[in-house]
1. Only one of these is charged (D, E, K, R), in contact with a helix residue (DSSP H, G or I) (Cβ under 8 Å, 6 or more places away or on another chain) and at pLDDT 95 or above: Arg346, Arg317, Arg326. Name it.
2. Being more than 22 Å from the chain's Cα centre (by Cα), at pLDDT 95 or above and outside any loop (DSSP other than H, G, I, E, B), is that true of even one residue in the stretch 70-82?
3. What strands (runs of 3 or more DSSP E) completely inside the stretch 259-347 contain at least 3 residues that are touching a strand residue (DSSP E or B) at 6+ places or on another chain (Cβ under 8 Å), within 21 Å of Asp184 (Cα to Cα) and not charged (D, E, K, R)?
4. Are there any pairs, at least 6 apart or on different chains, whose C-beta atoms fall under 7 Å, with the first in the stretch 51-68 and free of Cβ contacts under 8 Å to residues at least 40 places away in the same chain and the second among the small types (Gly, Ala, Ser), and if so, which?
5. Filter the stretch 171-215 down to the residues that are free of Cβ contacts under 8 Å to residues at least 24 places away in the same chain and touching a helix residue (DSSP H, G or I) at 6+ places or on another chain (Cβ under 9 Å), then identify the one that is farthest from Pro246 (Cα to Cα).
6. Test of understanding: among Arg84, Arg97, which residue is touching a residue at least 60 places away in the same chain (Cβ under 8 Å), surrounded by fewer than 24 Cβ atoms within 10 Å (Cβ to Cβ) and either under 24 Å from Ala320 (Cβ atoms) or in contact with a strand residue (DSSP E or B) (Cβ under 9 Å, 6 or more places away or on another chain) (or both)?
7. Being of a type in the set (Val, Ile, Thr) and outside any strand (DSSP E or B) is the filter; apply it to the stretch 1-54 and report the residue that is modelled with the lowest pLDDT.
8. Return the residue satisfying two criteria in turn: it lies in the stretch 269-283 and is among the aliphatic types (A, V, I, L, M) and under 11 Å from Thr340 (Cβ atoms), and of such residues it is surrounded by the most Cβ atoms within 10 Å (Cβ to Cβ).
Amino acid sequence: MKSLSFLDTVLDVHAEPGTGLDGALEFLGTHVAVDAPGALGEPVLSLHLSAAPGERHAPAADAAWEDVHVRKSASDFFTIPARRAREDGCEYVHCTRTGTRFRFDRAARRIDAAVPPGGAMDLVELLRDVILKDQENRGAAVLHATCAEKDGRAVLATGAKGAGKSTLLLELVEHFGHRVMSGDKTVLRLEEDGRVLAAGWPDYPHLGYGTIAKYPGLPDIAGLGEDHVPPVGHAFSPLGKFAVDPRRFRERFPGAPLGTRAPVAVILHPAIGPGQDTEVAAYRGDRAEHAAVLAANVESAFEGAHAGWHGFLDDRRDAAAPARDRIVRSLAGVPAWTVTGPGDLRPGRVPALLSAEAIA
């Protein structure tokens, strides 16, 4: 048995040899601890993994199936189509591309899964989904934001898809000595002293050409040849994004150590696009307006067209809503800047951005 933990969420995993668990943990292991000493708390679930499906993993032959998605993305690479059936109080999900099968038994707090080696990312999606939902039930706010860390302090870049969050993350790493914590969403928890601590989250790098082209070696990691020319309008568009090998990406852009949590010291609001000069300006809205903008960027694993592909965990966010509200109100008081233009950050050109005074 293995114990997986993220913050105070603990999962028990029992795995036969030959499942996709090793591949899943290679991906998740940057943020999810395996057999960590001192991992406290009652396990949210018991996950039992098999390499091949058996009778336990499928309902009766005459069960009614419906089409669902474990994940639905504008990119076919990240889309996981599936079908679902319900029988005798259990849910069955069959990932149709890989053959992965899940059986959810809420009463027993147990999930049985048959995960072939090619189904590692199906398992990743299950584990990420369960962990995020449990964290939200415990009062975490999940912000649509990249996160970089340096000297024990976190910088968030938050905004809509395609705003330039990844560009600013990599600028901080490349030119300011930061380390990657999160590439798409950041888990935020409130401490008793009122500080908001950021925890990173494992995401598959999905970068636009305008970002990829900035950094030596990154086009090769993304599988783009020197002669690649993006379609018109795609260089700074969420439509022109590429999945990047996460292992090689981590080698190129170092990440923060496993278990890193850091107080949020700076918030960036990017609107990156074509232009000659990058402009960094203090955020002009008042605290209430800033809180509203941040709240609009809080997302939930319980929401969305395909968020209910299983009903294993109850949605208890209402009970934890006061904690999330306090997180947003506290974040609204953190020094914040807007960043426009191509997003080229360089030491000396934006001295206020990361000065000691700014992040004190």
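1. Details: Arg346 fails: at pLDDT 95 or above; Arg326 fails: in contact with a helix residue (DSSP H, G or I) (Cβ under 8 Å, 6 or more places away or on another chain).
Sole residue among the options that is charged (D, E, K, R), in contact with a helix residue (DSSP H, G or I) (Cβ under 8 Å, 6 or more places away or on another chain) and at pLDDT 95 or above: Arg317.
2. No; the residues of the stretch 70-82 include none that is more than 22 Å from the chain's Cα centre (by Cα), at pLDDT 95 or above and outside any loop (DSSP other than H, G, I, E, B).
3. Numbers: elements: 261-272, 279-282, 336-341.
The strands (runs of 3 or more DSSP E) meeting that bar are 261-272, 336-341.
4. Correct list of pairs: Pro59/Ala85; Ala63/Ala85; Ala64/Ala85; Trp65/Ala85.
5. Ala213
6. On the way: Arg97 fails: touching a residue at least 60 places away in the same chain (Cβ under 8 Å).
Testing whether each residue is touching a residue at least 60 places away in the same chain (Cβ under 8 Å), surrounded by fewer than 24 Cβ atoms within 10 Å (Cβ to Cβ) and either under 24 Å from Ala320 (Cβ atoms) or in contact with a strand residue (DSSP E or B) (Cβ under 9 Å, 6 or more places away or on another chain) (or both) leaves just Arg84.
7. Thr19
8. Ile272
The values are calculated or read from the model by the stated rules, or taken from the named source; none is laboratory data. Note that this is a predicted model, so its numbers are computed, not measured. All Cβ positions, even for glycine, are placed from backbone atoms using ideal geometry, and neighbour counts span all protein chains on display.
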